Amino acid sequence: SVHWHGMRLSYFAGLGFSINLWVWLIVVLCFWAPVTTAIMGLANLETLAEIPAFSWLADILSASEAVKGLIEGFLPPLITIVLALLPAMLMVIFAGLERHPSLEMAQNKQRTMRFIFLFFASFLYVVLAGTALEYLDILINDPTEIVPLLAQAIPEQATFFLNYVLTACFIGNGLNLSQIVRMIVIPILKKLFKTPRQ
């Protein structure tokens, strides 16, 4: 199957779209690290509460185990999933705009860009940010301990990834089955647009 949009573009326009996509990916990945660190801060509230600047978190943690479990267990994967949707969708659109002669090549580029983004945003940054927040005091006092700490702390991030996978499965499938978007959009469209017979 021919990718007609890609065939219409000149070589330099296709090259411009390709460079634009890679630059956009690098910029998003650079700005994604602080976002991931903030999200992983939610997953490590107990560790952050030990730091004097975040001592006010102790009040939240002492309130209820259910609230603490919700904040530390459910919210970080949910926020990661929701925030990762927009850049991933934009990368799919940008990759489709490139000069590819076939739809298969365009789809391969889209999958590659999405994989690169998700690898960094949902795996590598999460592991590094979770480790840094878990052992922040040790890293500040003795930065030479980074490699042994990473070796020890990476398996400890498994809980976040289990929650991430379960949240992605249940939320994604539940939303697809409930068709909540359709339940919201169709009544609005029926109010705004009417056929001649109505």
If amide H atoms are modeled at 1.01 Å from N in the peptide plane, then the residues at a separation of 5 or more from S102, or on another chain, having amide H under 5 Å from its own are H3
Using alpha carbons only, how many angstrom separate the centre of the range 75-106 from the centre of the range 126-162? 29 Å
In the range 25-56, which residues have a backbone nitrogen under 16 Å from the label point lying 7 Å from Q152's Cα in the Cα-to-Cβ direction? 47
Rounded to a whole %, the carbon-and-sulfur portion of the accessible area of the chain at a 1.4 Å probe is 73 percent
Take the Cα atoms of the chain, build their convex hull, and give its volume per residue in Å³. 206 Å³
From the protein chains alone at 1.4 Å, what is the descending order of accessible area for S102, S178, largest first? S178, S102
Going by accessible area, probe 1.4 Å, with all protein chains left in place, what is the ranking of R114, R182, R8, largest first? R8, R182, R114
What FRET efficiency, computed as 1/(1 + (r/R0)^6) with R0 = 30 Å and r the Cβ-Cβ distance, is obtained for F54 and F170, rounded to the nearest 0.05? 0.45
Which FRET efficiency value, to the nearest 0.05, is calculated for S1 and L90 with the Förster distance at 25 angstrom and r the Cβ-Cβ distance? 0.60
Could you report the accessible area of V165 in Å², rounded to 10, computed with a 1.4 Å probe on the protein chains as they sit in the structure? 80 Å²
According to the square roots a ≥ b ≥ c of the eigenvalues of the Cα gyration tensor, what is the shape class of the range 10-66, taking rounded for a/c under 1.5, prolate for a/b larger than b/c otherwise, and oblate for the remainder? prolate
Over the chain: helical MRE at 222 nm, DSSP H runs n ≥ 4 each giving -39500 (n - 2.57), nearest 500: -24000 deg cm²/dmol
Accessible-area order for D137, D59, largest to smallest, probe 1.4 angstrom, reads D59, D137
Given the protein chains as shown and a 1.4 Å probe, how many square angstrom of Y125 are accessible, to the nearest 10? 50 Å²
Could you give the length gained on full extension between Q107 and R8, defined as 0.36 nm per residue of separation minus the Cα-Cα distance, in nm? 33.9 nm
Rounded to the nearest 10 degrees, the helix 75-96 long axis (Cα) sits at an angle to the longest Cα principal axis of the chain of 30 degrees
In the chain, with Lys and Arg counted as +1 and Asp and Glu as -1 at Cβ, which of these residues, N108, Y125, L61, has the Cα nearest the positive end of the dipole, that is, farthest along it? N108
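The values are calculated or read from the model by the stated rules, or taken from the named source; none is laboratory data. Since the structure is predicted, the reported quantities are computational estimates derived from the model, not experimental observations. Positions of Cβ are generated from backbone atoms using ideal geometry, with glycine treated the same way; all protein chains shown enter the neighbour counts. Heavy atoms of the whole protein, side chains included, go into the accessibility calculation; ligands, DNA and RNA do not. Shrake-Rupley method; radii C 1.70, N 1.55, O 1.52, S 1.80 Å.
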